[in-house]
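Bear in mind these aren't lab numbers, they're just calculated from the coordinates by the rules spelled out. All figures in this text were calculated on a predicted structure; none of them were measured in a lab. Cβ placement follows ideal geometry from the backbone for every residue including glycine, while neighbour counts extend to all protein chains displayed.
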Amino acid sequence: MKVYLRTYGCQMNERDSEHIAADFAGRGWEIADSPDDADAIIVNACSVREQAELKVVGLLGRLVSARLARPRGGLPAIGLIGCMAQNVGAKIVSKFPEIDFVAGSRKTAAVAGIAEEIVRRRLAGRGHPPLPEGMGRRTAKFSDAFVDVSDDPSDFLKIDKHLSAPPSALVSVMQGCQMNCSYCIVPKVRGAQRSRPMADILREIERLAERGTREVTLLGQVVNAYGREFPREGGISNFVRLLRAVNEIGGIERIRFTSPHPSYFSDELIDSYGSLEKLCEYVHLPLQWGSDAILKKMNRPYRAGRFLDIVSRLRKRVPNISVSTDIIVGFPGETEEDFELTRSAFREAGFDMAFIFRYSPRAGTPSAEMPDDVPEEEKRRRNAELLGELEKTSRAYNGSLVGSVQEVLVEGPARRGEGVMMGRTRTHRKALFKAPESLAGSLARVRVLSATTTALEAELA
Ligand code: SAH
Ligand code: SF4
Ligand code: F3S
């Protein structure tokens, strides 16, 4: 049997999908490259902005009509999972009664079992199940779909399978978020913060390293708050203890993490840069807004000055560090002066990369109650202006690398083909260079020949 998995959203969803793929493979399933000949189609979707949900509604519509047009009827089974399933799963099955199951964000470990059971019963001509106790429950009014968005408190502990050990692997260290930023749906769809035991995380990374992984990215919504539920040992935060332990794992050459929160960016974390040799000279540190008044309305408990201080201290420790961020423009009540403050903080921080989002009100979040009063056109203008700033800084940063020799981890063939491979520098810059495919998974040295805002053209040095 074959499963097609389609993933939207952040690296947490990506990582959950990897676990699910490995779970299917362990059950003897193949992973399909297209939905056309799959027995099960699973969409792991994101709710963070309205646009993200709308895209998936469109996709589900197309999948459902494609299935209705197929002679076999009844297959593939179609499932919606992840954050969007958690948020609006019941609504979605009332719109598309043909969807077979909905599993929420705390059911990840159960997804493969549910899909397998549905497909087996269909193939045996037994129509729609009642699934065995504990596997799902019928709650939707308009369809016989299984909708289970209940909380399995041990689900996150089970997310440790990997289909393969890529050169650069993702490892979840925690789930959920307790920060309650007023615009953000994540606490609602992912629940409160829960950290995995350190021993489990280290074992997972050791296994990846044995299979060939060289770089790990530790994942969490507030990753540097990892382990705040556990006692501290020796006065050191559990996140820094985790970094130190990963730094000791043989075979692992590079460590990254995402996303840290400015409020938990401790001095000892800053000091880890430059002292833990595997910790890469790169940080993705979301600023969100540069105006203190707006940060307060956002329930982001730091000021822009504190953020800039972290960045300048990091630059002092590691002068070549690359810093990226997330920014939202057009929050309710954001004036031109607020925007100018964001722009100047943006300039001062000198981001090499940034994800700039237009504010999108999300039902169920506190800021959805505030008037969404910055016109869409104005949001677009502010977005474009920051992108203009970004282009200048990232072009200058990439340009400064021309002529230099950089260490890259060769990840695999580049999309453009023609013998071109893709690797990343420790500072997370993408480099493209001609090299034999056998180099994938190893560290190589490349000379930078030219640079655009997003990539470096290079050759093996
Ligand atoms: N936990 C991470 C972010 C997770 S969501 C952190 O706190 O940094 C990823 C990004 O989506 C956020 O950083 C934010 O910039 C953006 N985002 C979240 N909610 C949004 C909304 N309602 N409208 C627009 N962008 C949003
Ligand atoms: Fe959302 Fe804030 Fe939590 Fe990030 S820290 S996931 S933006 S609530
Ligand atoms: Fe989206 Fe869920 Fe990530 S809402 S941003 S996929 S945690």
Next on the checklist: Relative to 2.2 N^0.38 Å, what does the C-alpha radius of gyration of the chain come to as a ratio? Two decimals please.
Outcome noted: 1.01
Checklist outcome for this item: Phi-derived 3J(HN,Hα) across the range 360-371 with the Karplus relation (6.51, -1.76, 1.60, θ = phi - 60°), rounded Hz, x for Gly and Pro, is 10, x, 10, 4, x, 9, x, 6, 5, 7, 8, x
Next on the checklist: Per 0.36 nm of contour for each residue apart, how much would the distance between Asn299 and Asn320 grow if the chain were fully extended, relative to their Cα-Cα spacing?
Outcome noted: 4.4 nm
Checklist entry - Each residue of the range 106-117 in turn: what ³J(HN,Hα) in whole Hz from Karplus with 6.51, -1.76, 1.60 and θ = phi - 60°, glycine and Pro shown as x? => result 10, 10, 4, 5, 9, 4, 4, x, 5, 4, 4, 5
Checklist outcome for this item: Ile20 neighbourhood, Cβ < 13 Å, K/R = +1, D/E = -1, net charge -1
Checklist outcome for this item: Taking N as the residue count of the range 241-369, its alpha carbon Rg divided by 2.2 N^0.38 Å gives 1.16
Checklist entry - Where in the range 415-461 are there trypsin sites (Lys or Arg not before Pro) that are in a DSSP coil and have at most 11 other Cβ atoms within 10 angstrom of their Cβ? => result Arg415, Arg416
Checklist entry - Isolated Cys in the chain by the 4.7 Å beta carbon test? => result Cys10, Cys46, Cys83, Cys177, Cys280
Checklist entry - Could the peptides 281-293, 233-245, 349-361, 95-107 be put in order, highest first, of the mean number of other beta-carbon atoms found within 10 Å of their residues? => result 95-107, 281-293, 349-361, 233-245
Item to check | Under 22 Å from Lys55, Cα to Cα: lysines that are on another chain or at least 8 residues apart | outcome: Lys91, Lys95, Lys188, Lys379
Checklist entry - Near Val374, within a Cβ-to-Cβ distance under 11 Å, what is the net charge of the other residues, with Lys and Arg +1 and Asp and Glu -1? => result -3
Checklist outcome for this item: 1/(1 + (r/R0)^6) with r = Cβ-Cβ of Arg27 and Glu206, R0 = 25 Å, i.e. FRET efficiency to nearest 0.05, evaluates to 0.50
Checklist entry - On the first, second and third principal axes, largest extent first, how far apart are the outermost C-alpha atoms of the range 308-454 in Å? => result 56, 34, 24
Checklist entry - If you count, for each residue, the other Cβ atoms within 10 Å and average over each peptide, how do 253-261, 6-14 line up from highest to lowest? => result 253-261, 6-14
Checklist outcome for this item: In Å³ per residue, the alpha-carbon convex hull of the range 157-227 encloses 93
Checklist outcome for this item: Sorted by chain and then number, the residues having a modelled amide H within less than 5 Å of the amide H of Gln178, at least 5 places away or on another chain, are Gln193
Checklist entry - In terms of the Cα gyration tensor, with a ≥ b ≥ c the square roots of its eigenvalues, is the range 375-461 rounded because a/c is under 1.5, prolate because a/b exceeds b/c, or oblate? => result prolate
Item to check | Residue-by-residue Karplus 3J(HN,Hα) for the range 215-228, coefficients 6.51, -1.76, 1.60, Hz, glycine and proline x | outcome: 9, 10, 10, 7, 10, x, 5, 10, 4, 7, 8, 3, x, 5
Checklist outcome for this item: Relative contact order in percent for the chain (Cα pairs under 8 Å, 6+ apart) equals 10
Checklist entry - How are the Cα pair distances of the range 144-267 distributed, in percent, across 5 Å bins from 0? => result 2, 10, 20, 21, 19, 14, 9, 3, 1, 0, 0
